[in-house]
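Below is one structure, written out as structure tokens; the observations come after it.
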Amino acid sequence: MNNTTNKRYIIILIAVLIFGGILATAKFYIVPKYFSASIVETITEPGKVVEVQPSEKSDYALNASVYGPDAMTVISNFEKTEENVWQGGGVFDEKIYYEGARSMGLISTDRKAVTITLEKSLDLTNMKQIEFMLHVTDTDAFETTIIDFGDLDLKSYYRYSLTNLKNGWNLIQIPKEKFIFAKAKDSTFDWSQVAKVRFYALSRPGSIFLARLDILKSINNFDFLNQWRALNPGMFFSLAEQEGKPMLLARNIGASVATLKEVENIGNNIYSVAVSPQSSGRSGLFVRGDYNNTYGYYLLIGGEKKNTWQILKKNKAGWMPKEKIIEGVLANVTFSRDKKYWLRAETRGDLLEFYISFDGQKYEKLGELKDEEFRAGGVGIAVLDGGWSLFDDFRFKGI
């Protein structure tokens with residue numbers, strides 16, 4: 001074998017070794033990529049747990065402590081547990097109510113008036129608005145309904161007459177300046193000395209007017225509206241008492257969604273909120289959303305006594321098709337109005353992951369949605385189906 005042949009063999013051998021090395025190297029890199037993809041897919045499956053550390057900082061936080069103990073005054077929820085008792089011709093109704101377990105029914109037949117009164121010492125000096133829910137069965141039978149706040153013998157009082165009622169539940173909001181003041185001679189009575197509340201209802205001739213009252217309260221400031229954008233924030237938002245402190249109340253009246261003013265046009269973030277369903281309607285998170293047209297992504301949990309959840313999208317075409325809704329049922333869980341449930345969304349690019357927690361610390365993944373339509377937007381809350389819920393503990397962190 002001459003030198004030329006030897007050189008050819010050496011060149012061929014070197015080529016084989018180099019080519020084999022390339023193959024080996026290529027194989028080495030393919031394997032980690034395959035397993036890396038598998039790991040990513042595994043950790044994004046439903047059931048993934050995220051634990052929030054107490055030291056975790058939020059870029060934005062809001063909770064019930066900001067409202068203050070005097071932000072609202074509960075006058076009556078018409079429940080059995082109340083110390084003060086309503087007197088007169090009212091009838092408690094445990095079938096149709098808006099809050100708690102019952103409402104107060106007023107029945108007037110053929111212009112025979114019905115009156116109920118509540119003796120309760122109230123200082124409503126700081127009251128901005130009286131608010132309550134009123135359910136009407138037949139507006140054609142409605143003649144007059146009046147609410148008075150007065151002294152003990154009702155010789156001096158502030159009065160408001162209700163108008164423009166509709167069948168079903170009516171949200172009644174009466175600004176302080178809308179009350180008409182009737183004052184007895186030499187009386188010093190004012191809003192600081194309210195001792196009795198009175199409702200009076202009268203039907204039209206030959207008819208039966210049936211109304212039900214629920215959640216009577218005084219709203220003493222509107223600071224809780226300052227953090228939000230909604231189509232009609234004054235109707236969508238209010239305050240309600242839970243565990244002895246004011247909580248943010250949101251109801252599907254006048255709007256269905258709201259977004260935080262301080263957190264706008266955001267894409268990648270972690271956002272969480274505590275929700276306590278108070279009715280059968282769905283409620284939950286609203287992310288990458290537009291409060292004007294309600295377009296965006298939703299994580300909704302079922303209402304009281306339910307155990308369902310849904311991940312949805314709404315755009316110009318409306319709600320996403322039913323077959324594309326991501327939804328499920330929580331085993332051994334029934335939502336209660338007395339408890340909080342923390343919902344969490346993590347949004348990165350086209351991936352949106354959604355979680356639930358029962359203590360605000362340990363979150364279990366419900367599901368995820370991959371979608372490129374909305375890359376940024378506001379974050380907030382949603383209340384649907386004509387229902388209402390309480391919300392607290394808003395936390396936001398950009399990522």
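Read the figures in this text as sums done on the coordinates, not as results from a lab. Quick caveat, the model's predicted, so the values are computed rather than measured. Neighbour counts are summed over all protein chains in view; Cβ atoms, including those assigned to glycine, are modelled from backbone coordinates with ideal geometry.
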When the Kirkwood radius is taken over all Cα pairs of region 147-276, what Stokes-Einstein diffusion coefficient follows at 37 °C and 0.692 mPa s, in µm²/s?
180 µm²/s
Can you tell me the length gained on complete extension of the stretch Ile399 to Asp110, counting 0.36 nm per residue apart and subtracting the Cα distance?
97.5 nm
Protection proxy ranking, peptides 356-363, 290-297, 254-261, average beta carbon neighbours within 10 Å, highest first:
254-261, 290-297, 356-363
Please report, in debye to the nearest 20, how large the charge dipole of region 72-219 is about its Cα centre when each Lys and Arg carries +1 at its beta carbon and each Asp and Glu carries -1 there.
300 debye
Extension gain Ala184-Lys322, at 0.36 nm per residue separation less the Cα-Cα distance, in nm?
43.4 nm
Toy charge model, Lys and Arg Cβ at +1, Asp and Glu Cβ at -1: the chain dipole around Cα centroid in debye, rounded to 20, equals 1220 debye
Based on the mean of other beta carbon atoms within 10 Å per residue, what is the order of 224-236, 184-196, most packed first?
224-236, 184-196
What is the spin-label model distance, in nm, from Lys48 to Asn265 if the labels are put 7 Å beyond Cα along the C-beta direction?
2.9 nm
Nearest-0.05 FRET efficiency for Asn167 and Val333, computed from C-beta distance (R0 30 Å)
0.30
Proportion of all alpha-carbon pairs of region 199-300 beyond 25 Å (%)
34 percent
Rg/Rh for the chain, where both radii come from Cα atoms and Rh is the Kirkwood radius
1.23
Give me the three principal axis extents of region 110-170 from the C-alpha atoms, as integers in angstrom, largest value leading.
35, 27, 15
Under a no-solvent Debye model with one identical scatterer per Cα of region 166-238, what's log10 I(q)/I(0) at q = 0.24, 0.28 Å⁻¹?
-1.30, -1.47
Enter the angle in degrees (range 0 to 90, nearest 10) between the Cα long axis of helix 3-43 and the first principal axis of the Cα atoms of the chain, meaning the one along which they spread out most.
10 degrees
Provide the gained length on full extension for the span Asn226 to Arg375, in nm with one decimal, where the gain is 0.36 nm per separating residue minus the Cα-Cα distance.
51.0 nm
Rg ratio (alpha-carbon, reference 2.2 N^0.38 Å) - region 261-352
1.12
Expressed to two decimals, region 309-399 has a Cα Rg over Rh, using the Kirkwood radius, of 0.94
Among Ile325, Tyr291, Ser336, whose Cα sits farthest toward the positive end of the charge dipole of region 240-359 (+1 at Cβ of Lys/Arg, -1 at Cβ of Asp/Glu, about the Cα centre)?
Ile325
Compute the normalised compactness of region 72-219: alpha-carbon radius of gyration over 2.2 N^0.38 Å, N being the residue count.
1.00
